[in-house]
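The values are calculated or read from the model by the stated rules, or taken from the named source; none is laboratory data. Source: prediction; values computed, not measured. In this analysis, Cβ positions are derived from the backbone assuming ideal geometry, glycine residues included, and neighbour counts consider all displayed protein chains.
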Amino acid sequence: MTEIVVLGAGYAGLRTVRELSGTSNVHITLVDRNSYHYEATALHTVAIGTNEAEHITFDIQKAIPKDVTFKQDNVTRIDTQNKTVTLEKEATPLQYDYLVVALGFESEDFGIKGAATYGLPLQDIESAQAIRKHLEERLAAYNDSHDERDLHIIVCGAGFTSIELLGELVYRMPSLVEQYHLPADKIQITCLEAMPKILPMFDQKLVDFAVQFLADHGAIIHTSTPIDEVTDHSVISGDNVYEANTIIWTTGVRGSHVISDSHFDQKRNRVAVTSQLTMKDHPEVFIIGDSSAVPDPASGRFYPTTGQISIAQATHTAKNIKASIDGTPLSDFTYKSLGTVCSLGPTTGIAEIGDSGRIKLKGRKVALVKKMVNDRSIMEESGFANMMRNLS
Ligand SMILES: Cc1cc2nc3c(=O)[nH]c(=O)nc-3n(C[C@H](O)[C@H](O)[C@H](O)COP(=O)(O)OP(=O)(O)OC[C@H]3O[C@@H](n4cnc5c(N)ncnc54)[C@H](O)[C@@H]3O)c2cc1C
């Protein structure tokens, strides 16, 4: 029996076990620290409170094929020499013939002073719920504290996640103002970005639409504003001090800490893999999703880390593992993007879809596209019942 161990039940891990299920003479073990899968692409909605965690999570055990063994445990270390994986609770390390590392992303603080202590990261369900709790507590506190910093929210970074989060925030803010009887004119939503431009993957006209939409709804983006330090009540950039009691840290992501803890050759906890998605010198170890850096043969650069690409890598990995078991050559991973959709709250957004982003969309129809993509993902990974529950 060939032992295949898959680490992480995110987009990449779940798709891998689904594609490998039914292969004869293999035993598949899937490990995740949670009993549930979460739709990472919707974490910002839980963070702002436009969505509940139960709408973007589902039970892993119920979603996976019957021939897959699921272990809920924390992966602490991978030993590629002895082909073992150490778990936190299980005394005996897991032994593998093939390993798929799909441990996903963590928030990146770039070593900026105070960011890890005072910034609220967005990296999983708990951190999303912590942001919501903090935000609502600070707003609720204002009527007693009269501290205007309780009404100020700073979002650090203006990448994809930050912009989607800002979209949810400006959508929900009017109802929060009403709920907590707040002075609307004193609410301040500020986004700080080091780079001179935001969302470089989009056409400038779409970016302008997004920036204007956010500004019209009270969120101001400051570009060319690199963050030097975060304190308990402020974010400092050069001589400027931006004051707020809610500081959300979404400047970017890195791969899993397990990658560096296992002493892999890595950059920001991402391993540069071969075009067959294997670790150099370890053809039995596949690293996919946000913990990997995968070369794009067309551009010579690495593919971006997205859910879409993670799923495509998983399908390819399963194919390559089956080829390796059969003794046939492994194939190179290539990927063609289906498009990019950036929501600005639940009712609007911007998108480039089709060949090379040929179709450019903005406004309400984008929200519909985003919802369709999300519902399709839930249906594919967890089945029809979960999608219906999510729609209700
Ligand atoms: C707010 C937001 C919006 C996004 N929107 C989009 C979008 O619209 N389209 C798109 O394509 N991408 C989007 N992305 C990016 C996308 O979510 C990631 O690229 C994707 O989640 C990566 O998939 P993955 O399978 O590598 O990892 P993940 O989805 O991060 O899954 C990793 C899994 O590993 C588990 N795990 C981690 N560490 C351990 C450990 N030590 N032990 C055991 N288990 C562990 C976790 O519990 C998790 O289940 C978005 C990301 C965010 C944050």
When every residue in region 142-152 that is more than 29 Å from the chain's Cα centre (by Cα) and touching a residue at least 12 places away in the same chain (Cβ under 8 Å) is compared, the one surrounded by the most Cβ atoms within 10 Å (Cβ to Cβ) is Tyr142
Looking at region 55-93 only, could you name the residues that are closer than 22 Å to Ile287 by Cα, outside any loop (DSSP other than H, G, I, E, B) and away from the ligand (no atom under 12 Å from the Cβ)?
Val68, Thr69, Asp79, Thr84
Any residue in region 93-103 that is touching a helix residue (DSSP H, G or I) at 6+ places or on another chain (Cβ under 9 Å) and within 25 Å of Leu120 (Cα to Cα)?
yes
Taking the criterion of being within 16 Å of the ligand (Cβ to nearest atom) and either polar (S, T, N, Q) or surrounded by fewer than 17 Cβ atoms within 10 Å (Cβ to Cβ) (or both), would at least one residue in region 323-330 satisfy it?
no
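Quick grid of which residues meet (1) closer than 29 Å to Asp203 by Cβ; (2) modelled with pLDDT under 95; (3) among the aliphatic types (A, V, I, L, M); (4) outside the structural domain of Leu20 (by TED's automatic domain parsing):
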{"residue": "Gly289", "(1), (2), (3), (4)": "yes, no, no, no"}
{"residue": "Ala314", "(1), (2), (3), (4)": "no, no, yes, no"}
{"residue": "Lys319", "(1), (2), (3), (4)": "no, no, no, no"}
{"residue": "Asp326", "(1), (2), (3), (4)": "no, no, no, no"}
{"residue": "Pro329", "(1), (2), (3), (4)": "no, no, no, no"}
{"residue": "Pro346", "(1), (2), (3), (4)": "yes, yes, no, yes"}
{"residue": "Ile353", "(1), (2), (3), (4)": "yes, yes, yes, yes"}
{"residue": "Gly357", "(1), (2), (3), (4)": "yes, yes, no, yes"}
Exactly one of (1) aromatic (Phe, Trp, Tyr); (2) buried (at least 17 other Cβ atoms within 10 Å of the Cβ); (3) over 15 Å from Val101 (Cα atoms) is unmet by Phe286. Its number?
(3)
Just the residues that are part of a loop (DSSP other than H, G, I, E, B), more than 18 Å from the chain's Cα centre (by Cα), of a type outside the set (S, T, N, Q) and within 19 Å of Tyr303 (Cβ to Cβ), please, taken from region 266-291.
Val273, Leu277, Lys280
Would you please name the residue that is nearest to the ligand (Cβ to nearest atom), looking only at residues in region 271-308 that are more than 15 Å from Val6 (Cβ to Cβ) and among the β-branched types (Val, Ile, Thr)?
Thr306
So for region 25-33 (the condition being in a strand (DSSP E or B) and surrounded by fewer than 16 Cβ atoms within 10 Å (Cβ to Cβ)), does at least one residue qualify?
yes
